[in-house]
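The values are calculated or read from the model by the stated rules, or taken from the named source; none is laboratory data. Source: prediction; values computed, not measured. Heads up, the Cβs are rebuilt from the backbone with ideal geometry, glycines too, and the neighbour counts pull from every protein chain shown.
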Amino acid sequence: MKLTDYFLAILSAFILGVNYVAVKLGVNEFPPLFMVALRFTIVASVLLWFAKPPRQHFPAVLLFSFTMGTLHFGLIFIGFENVDASLVAIIFQLGVPMSVIFAWIFLGERFGWRRWLGIAIAFSGAALIAGAPQSSSNIFYLAIVFISILAWAIASVQVKRLANYDAISLSAWMTLLAAPQLYLASAILESGQIEALTEASLAAWGGLFFTAIGASIIGYGLWYHLIGKYSVGRIMPFGFLAPLFGIASAVLFLEERLTLITIIGAVLILSGVMFVQLRSLPKRSSNDEHDPAPLT
């Protein structure tokens with residue numbers, strides 16, 4: 001890899017890690033479903049200029065917009081209201097072993113005991129964190145985050161069936177189709193949307209635009225550019241920097257505190273996920289370039 005591409009890989013991971021803090025700042029003042037809808041509206045308005053219409057892929061893209069856009073993003077933003085950003089950054093890494101399990105169930109992919117061991121290590125870390133007393137994190141909302149990760153894992157299986165549809169077009173149409181679903185869900189389930197638009201602070205607006213422009217367009221754009229340029233195995237290790245940047249930025253900017261149990265659980269989860277990823281590399285190809293990354 002060129003030195004500039006190393007820098008871009010680290011920059012992408014940094015942006016996607018800090019995004020956890022940006023989401024937290026946004027949902028502190030915007031209703032969560034409404035914030036996701038606004039984020040997707042901004043993203044779609046930018047990416048559609050470069051997107052190809054889905055044509056024969058439309059039914060699959062529509063289903064993907066519901067699973068990834070409405071379920072995953074909607075639920076995880078709801079969870080962000082009452083779960084520490086650092087904890088979301090840790091727990092969200094479970095999407096990788098979950099996607100492997102769903103690929104085994106729905107696609108018939110096979111894997112050996114070593115990946116099962118990695119999955120077991122990752123989930124043992126999650127069980128440790130879930131069983132510990134939560135400070136500012138509500139166990140009910142932690143469960144919502146976990147369900148959102150299940151939706152992400154299902155979406156990762158759907159993406160494998162859209163391998164012939166490029167990442168930019170998929171992102172553009174996913175956000176375009178999911179935005180109306182989220183506006184409707186927000187209208188039914190939430191209140192205070194107009195007040196948020198008129199009274200939100202610069203920090204909340206900054207969080208919203210960072211998630212849309214910074215993370216969805218620049219962060220993911222750099223990530224997919226590098227995966228298209230190099231092998232997945234070369235770029236994948238940089239993805240483990242994102243949760244570390246997320247945890248560090250949450251501690252620094254949001255003054256969140258990490259307990260010893262949370263740290264041990266995080267080490268177990270990241271170790272298990274890394275083991276699963278490394279064992280998966282020999283069977284990966286460039287066709288996986290737009291698998292949804294385990295990032296918000």
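Things worth noting here:
- Here Ser171 fulfils each of the conditions (1) part of a loop (DSSP other than H, G, I, E, B); (2) of a type in the set (Gly, Ala, Ser); (3) within 18 Å of the chain's Cα centre (by Cα) apart from (1).
- Listed by position, the helices (runs of 4 or more DSSP H) inside the range 198-282 whose residues that are modelled with pLDDT of 80 or more and touching a helix residue (DSSP H, G or I) at 6+ places or on another chain (Cβ under 9 Å) number at least 3 are 202-209, 220-229, 241-253, 260-280.
- Every condition in (1) under 23 Å from Ala250 (Cβ atoms); (2) crowded, with 20+ Cβ neighbours inside 10 Å; (3) not β-branched (Val, Ile, Thr) holds for Arg115 except the one numbered (1).
- Hey, Val18 touching a helix residue (DSSP H, G or I) at 6+ places or on another chain (Cβ under 7 Å), farther than 23 Å from Gln158 by Cβ and β-branched (Val, Ile, Thr) or not: yes
- Residues that are without any contact (Cβ under 8 Å) to a residue 60 or more places away in the chain and over 11 Å from Thr70 (Cα atoms) were ranked within the range 165-191; the one that is surrounded by the fewest Cβ atoms within 10 Å (Cβ to Cβ) is Ile188.
- Checking Trp173 against (1) in contact with a Ser or Thr (Cβ under 9 Å, 6 or more places away or on another chain); (2) within 19 Å of Gly17 (Cβ to Cβ); (3) modelled with pLDDT of 90 or more; (4) not polar (S, T, N, Q), the condition it does not meet: (2)
- If you filter the range 283-296 down to residues that are part of a helix (DSSP H, G or I) and loosely packed, with under 14 Cβ neighbours inside 10 Å, you find that the one that is modelled with the highest pLDDT is Lys283.
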